[in-house]
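Taking it in order: structure first as structure tokens, then the write-up.
The values are calculated or read from the model by the stated rules, or taken from the named source; none is laboratory data. None of the values given here were measured: they were computed from a predicted structure. Here the Cβ positions follow ideal geometry from the backbone for every residue, glycine too, while neighbour counts run over all protein chains shown.
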């Protein structure tokens, strides 16, 4: 059974909670990513996504440089451990209507798993299964 550790992104971009929404927006643009893990002293305390910024800053016509991430971050983030089954991660994402999960091991951030990671895994699995089926049908 494939585990989260097999597909998770290990290079997680983080930002300290005392930074502003503008700081986070610049990182999102520069790294071409859609969310950040917010930390305090290397411990994850929340997440912020492009969607959060649009809904909580842009749609409210607030000044991004004057709003701290602490005020808009989602503090009730969902997480899984690296040894969780991929099926469990998918179920948690579906049950909570979320696009990404933080991966924690002993309360330490070790990765993230996103819808994109899951789609890539599924695509690979389907291609492999299709190839196996084709080879088996050619034998007969």
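Things worth noting here:
- Search result, residues across the stretch 77-111 that are over 20 Å from residue 7 (Cβ atoms) and over 14 Å from the mean Cα position of the chain (by Cα): 106, 107
- Residue selected from the stretch 23-36 under the condition assigned to a helix (DSSP H, G or I) and in contact (Cβ under 8 Å) with a residue 40 or more places away in the chain, by the criterion nearest to the chain's Cα centre (by Cα): 24
- Test: residue in the stretch 37-58 that is within 23 Å of residue 6 (Cα to Cα), surrounded by fewer than 17 Cβ atoms within 10 Å (Cβ to Cβ) and under 14 Å from the mean Cα position of the chain (by Cα): no
- Condition check for residue 48: modelled with pLDDT of 95 or more and assigned to a strand (DSSP E or B): yes
- Of the residues making up the stretch 12-33, not one is closer than 13 Å to residue 114 by Cα and surrounded by fewer than 16 Cβ atoms within 10 Å (Cβ to Cβ).
- Scanning the stretch 1-11 for residues that are crowded, with 16+ Cβ neighbours inside 10 Å, part of a helix (DSSP H, G or I) and out of contact with any helix residue (DSSP H, G or I) (no Cβ under 6 Å at 6 or more places or on another chain) yields one hit, 5.
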